[in-house]
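Structure record follows, encoded as structure tokens.
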Amino acid sequence: MPVEPMSSVSTPLTSVGELVRELLREPCPELFGRIMARYDTASLDLLPYLKWDPSNYTRNCVVRNARFELLVICFEPGQRTSIHDYDSETAWIRVLGGELVTERFELVDDGALRLRKASRFSTGELMALSRSSSIHRFQNQGSTRAFTLNLYAPPMRKWRVFDERTGADQVRPAGPTG
């Protein structure tokens, strides 16, 4: 799902605090992508959410309310998520540092997973995932850390995690956040 380009009259958001205020003011979640498009540079107020773990990527909550949740997700080199989808209508993911590969999957007739597309996203790029096409995995294939700012509307309550070999899935509560 493409994100609409930023209009010439929109001002950039230079802090995560400004981003959160704009999201709270916007009554229409369908327009959250436009707001996320205005925030493209990691700001110093993100430092408390940059938490790294050598054994697994981290999910760090900036804000969560009834309408949306905003997370910073941090990946060490070589780390990746499971293949998963979620129950949010839409997610917007902005790469704020490093580079990630996003693999998009589809279920085929026999219940197995098939890789549909792999794309590389670098610092500053924004992607959107809708519920109808959200089976995916992120991985940091680079030699440096990577981190993203993820916005889910509404907040994730659960996700399906898929077995890469069989396509079997399990519904689980959304992963823990720091």
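Quick note: the coordinates plus some simple rules give every number you see, no bench work behind them. No experiment lies behind these values; they were computed from the predicted model shown. In this analysis, Cβ positions are derived from the backbone assuming ideal geometry, glycine residues included, and neighbour counts consider all displayed protein chains.
Here are a few things to note about the model shown:
- Highest-MSF residue in the chain out of Lys117, Lys51, Lys158 [GNM, Cα springs under 10 Å]: Lys117
- Within the chain, the ratio Rg/Rh, alpha carbon atoms throughout and Rh by Kirkwood, equals 0.95.
- Neighbour-count ranking [beta-carbon atoms within 10 angstrom, fewest first] of Thr123, Thr166, Thr58: Thr166, Thr123, Thr58
- Between the listed residues Leu13, Trp52, Trp159, the Cα displaced farthest toward the positive end of the dipole of the chain, a dipole computed from Cβ unit charges relative to the Cα centre, is found at Trp52.
- Nearest 10 degrees, 0 to 90: helix 16-25 Cα axis against the chain principal axis: 90 degrees
- Relative exposure of Arg160, Arg137, Arg21, judged by other C-beta atoms within 10 Å (fewest first): Arg21, Arg160, Arg137
- Short to long, the 10 Å bins of the Cα pair-distance histogram for segment 35-75 hold 25, 52, 22, 1 percent of all pairs.
- Summary value for segment 112-178: 33 percent relative contact order, contacts being C-alpha pairs under 8 angstrom separated by 6+ residues.
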